[in-house]
Amino acid sequence: YCDFYKYAENEFGHKLQSTLIKAFSNPCGQDTWQSSTSNERDSLEAIYNATNGQNWTNNGGWMDGTVDHCQWYGISCDADGFVTGIDLRDNNLAGQFPVYTRNVNSDENHILNNFWELTKNGLANLYELKTLDLAENKLTGTIEYRPLYNLRVLASFDVSRNQLSGVVDAQVAPSIKYADFSNNDFTSMRRFVQYKVSSFQSLRFFNMSNNIIQQNATDLLEIIPPNIEEFVASNNQISGSLPDSLDNLPMLRQFNMASNSLSGDLPGFIASFATLQELDLSNQTKGFKGPIPENLWRHLSLKTLHLAGSRLTGTISSLVGNLAVLEVFDMTNNLLKGSLPS
């Protein structure tokens, strides 16, 4: 809600009014949401119970009433006892992703009642959380993203190498910078949206490689966060052509969509001349066509250029000699002619 209203005000020049929004006590300010440290402990206990904590590889201190929750294995806190970091990577967590549990009567009207007051315990109530690492576990099912957007300082979110499914949402929290959904069973990705103003500007690293994403590349990337530095979506089933929006990413360092089903013309990544270091669009089941764009040879920071396994035609420009820091160069299995310039 907060980002949508900020976006509407910026786009249309006036503030919108809504009786629905007024029904919430403070959807855009964190102060009234902030839990006590006792609620922090309750939320951690809910995570433990939801992910088979008794069988974790290391559950040192957890559920021990004599041990402060900030001393539990994998937990970091600030000076006031609020949880700022959870690192339970490779710790044998199993079960559904522990967003939160609610004690809500199904007959209650969620609009007229304050949704945040009805929530109970779980990740979504740890309002000072900055980093979350649950990678390399056995978490299953889908992720309910809406409650996680309450975590307004969450910057790093890693759920890679689990068994999660459903939808990927890179804009999982307003301050997100690092989001890793790789090596799961996700089948779709929620498109980037500009009305989530904060996350649209903050996102720097995004990885959803090795999933089963089956959408169209133009639809997915028509709008893309302008400050993205690393975008990795290799080993999926993404089809279609790459959009012109990729020519407007001045901070892009890595772009990897290898092993998909992309086609059409290669983009030139025009705005990334000074930054792009790795470009891997190799091994497409349909394949890119046409010549290699001249603009690609002007990326003087390129270390990896991997375009093997497509239907590219023409010749390799002599400008390749200007790529002084290039370490990996693969154009095999295309329809190129001529020889590699000396």
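For the reader, a short list of remarks on this structure follows.
For every residue, the table says whether it meets (1) hydrophobic (A, V, I, L, M, F, W, C); (2) under 19 Å from the mean Cα position of the chain (by Cα); (3) within 19 Å of Asn333 (Cβ to Cβ).
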{"site": "Ala217", "(1), (2), (3)": "yes, yes, no"}
{"site": "Glu230", "(1), (2), (3)": "no, yes, no"}
{"site": "Asn236", "(1), (2), (3)": "no, yes, no"}
{"site": "Pro243", "(1), (2), (3)": "no, no, no"}
{"site": "Ala258", "(1), (2), (3)": "yes, yes, yes"}
{"site": "Ser261", "(1), (2), (3)": "no, no, yes"}
{"site": "Gly264", "(1), (2), (3)": "no, no, yes"}
{"site": "Gln277", "(1), (2), (3)": "no, no, no"}
{"site": "Gln284", "(1), (2), (3)": "no, no, yes"}
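- Note on segment 228-249: residues that are farther than 13 Å from Leu262 by Cα, at pLDDT 95 or above and of a type outside the set (Phe, Trp, Tyr) amount to 4.
- Looking across segment 306-338 at every residue that is over 19 Å from Ser259 (Cβ atoms) and small (Gly, Ala, Ser), the one that is farthest from the chain's Cα centre (by Cα) is identified as Gly338.
- Complete set of residues in segment 64-81 that are open to solvent by 40 Å² or more (accessible area, probe 1.4 Å), over 14 Å from Lys130 (Cβ atoms) and under 28 Å from the mean Cα position of the chain (by Cα): Tyr73
- Considered as a group, the residues in segment 276-303 that are among the polar types (S, T, N, Q) and surrounded by fewer than 17 Cβ atoms within 10 Å (Cβ to Cβ) include one that is nearest to Ile224 (Cα to Cα), and that residue is Asn295.
- Tally of residues being of a type outside the set (A, V, I, L, M, F, W, C) and over 24 Å from Ser239 (Cα atoms) across segment 151-203: 14
- Residue within segment 184-193 that is open to solvent by less than 40 Å² (accessible area, probe 1.4 Å), under 23 Å from Ala50 (Cβ atoms) and out of contact with any Pro (no Cβ under 6 Å at 6 or more places or on another chain) present: yes
- On inspection, Ser263 does not qualify as part of a loop (DSSP other than H, G, I, E, B), among the polar types (S, T, N, Q) and modelled with pLDDT of 95 or more.
- Considering only residues in segment 136-183 that are of a type in the set (Gly, Ala, Ser) and surrounded by 21 or more Cβ atoms within 10 Å (Cβ to Cβ), the one that is nearest to Gln214 (Cα to Cα) turns out to be Ser182.
- Condition met for Ser209 (within 30 Å of Val153 (Cα to Cα), open to solvent by less than 50 Å² (accessible area, probe 1.4 Å), assigned to a loop (DSSP other than H, G, I, E, B) and small (Gly, Ala, Ser)): yes
- Residue among Leu307, Leu249 that is under 24 Å from Ala179 (Cα atoms), crowded, with 19+ Cβ neighbours inside 10 Å and in contact (Cβ under 8 Å) with a residue 12 or more places away in the chain: Leu249
- Number of positions in segment 310-324 that are outside any loop (DSSP other than H, G, I, E, B) and surrounded by fewer than 17 Cβ atoms within 10 Å (Cβ to Cβ): 5
- Scan of segment 134-181 for residues that are more than 10 Å from the chain's Cα centre (by Cα), of a type in the set (A, V, I, L, M, F, W, C) and assigned to a strand (DSSP E or B), ordered by number: Leu139, Leu164, Val167
- Among the residues making up segment 218-244, those that are outside any loop (DSSP other than H, G, I, E, B) and open to solvent by 20 Å² or more (accessible area, probe 1.4 Å) are Thr218, Asp219, Glu230, Ser239, Asp244.
The values are calculated or read from the model by the stated rules, or taken from the named source; none is laboratory data. Just so it is clear, the structure is predicted and the values come from calculations on it, not from any experiment. Glycine gets a Cβ as well: all are built from the backbone with ideal geometry, and neighbour counts include every protein chain shown. All accessible areas refer to the heavy atoms of the entire protein, side chains included, with ligands and DNA or RNA removed. Shrake-Rupley method; radii C 1.70, N 1.55, O 1.52, S 1.80 Å.
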